[in-house]
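Right, one structure below, let's go through it.
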Amino acid sequence: ALLAAIIGVETVNFFGFSTVTTETYRYLFMGLTIVSTTKGKILKGESLKKLRWWQYFLLATVTAGSYWTISRVFVKFQADLKYNLGRQFSNAGYAAEALEPLSQAVNLAPNEPVFRNELAEAQAAVAISLSAETLAQAALVNFKIVSGQSKSNLAFIRTQAQMEFLMRK
């Protein structure tokens with residue numbers, strides 16, 4: 001019955017699409033398979049006494065790798081939250097207020113051209129409204145970085161051309 005359930009879940013994943021429910025079943029069935037084949041030794045802690053040095057090393061490596069991966073996902077999530085806040089300010093017409101969260105988003109995820117492009121747009125908008133030369137230069141630097149990161153994105157090229165035209169005196 002367990003084998004039939006595993007085959008059923010894998011068939012759904014192969015022909016359909018993976019959902020939270022099917023993934024929950026997958027891990028539940030894997031756990032049931034482990035428990036039924038080890039006869040509960042893992043739950044009692046007996047198998048931990050029999051681990052060799054390389055198994056401890058592998059366990060430590062997997063744990064460290066998992067921690068690093070989760071921390072990177074958390075950093076990307078924080079950058080996305082900052083970007084979203086800055087974008088909301090920018091769309092509402094508050095470009096000056098958008099600078100700080102967008103700068104934080106770019107600092108957290110410097111290789112994300114969408115974040116940097118939005119920051120450059122906000123810097124250009126503030127530079128235009130305040131005639132601030134330093135912000136205009138910062139916007140141009142960010143536009144050049146975006147151009148290097150994403151050479152073929154026409155939306156970025158269009159935005160850069162519009163802002164450079166508007167910043168021209």
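Any read-out appearing in this document is the output of simple, stated calculations on the displayed coordinates, not a laboratory observation. Predicted model, so just to flag it, every value in this text is computed and none were measured. For neighbour counting, all protein chains shown are included, and Cβ atoms are generated from backbone atoms with ideal geometry for every residue, glycine included.
Observations on the model:
- With the charge dipole of the chain set up from +1 on Lys and Arg Cβ and -1 on Asp and Glu Cβ about the Cα centre, the Cα lying farthest toward the positive end among the listed residues T61, V12, G93 is that of T61.
- Computed over neighbours whose Cβ is under 11 Å from that of V12, the net charge equals -1, Lys and Arg +1, Asp and Glu -1.
- Lysine pair count for segment 37-158 with Cα-Cα distance under 17 Å and sequence separation of 8 or more or different chains is 4.
- With helices as the sole contributors, the chain gives -27500 deg cm²/dmol at 222 nm; each DSSP H run of n ≥ 4 counts as -39500 (n - 2.57), and the sum is divided by every residue.
- If the Kirkwood radius is taken over C-alpha pairs of the chain, then at 20 °C and 1.002 mPa s the Stokes-Einstein diffusion coefficient equals 105 µm²/s.
- Pairwise FRET efficiency - R52 versus N111, Cβ, R0 = 41 Å, nearest 0.05: 0.55
- Protection proxy ranking for 51-60, 153-162, 109-118, using the average of other Cβ atoms within 10 Å per residue and placing the highest first: 109-118, 153-162, 51-60.
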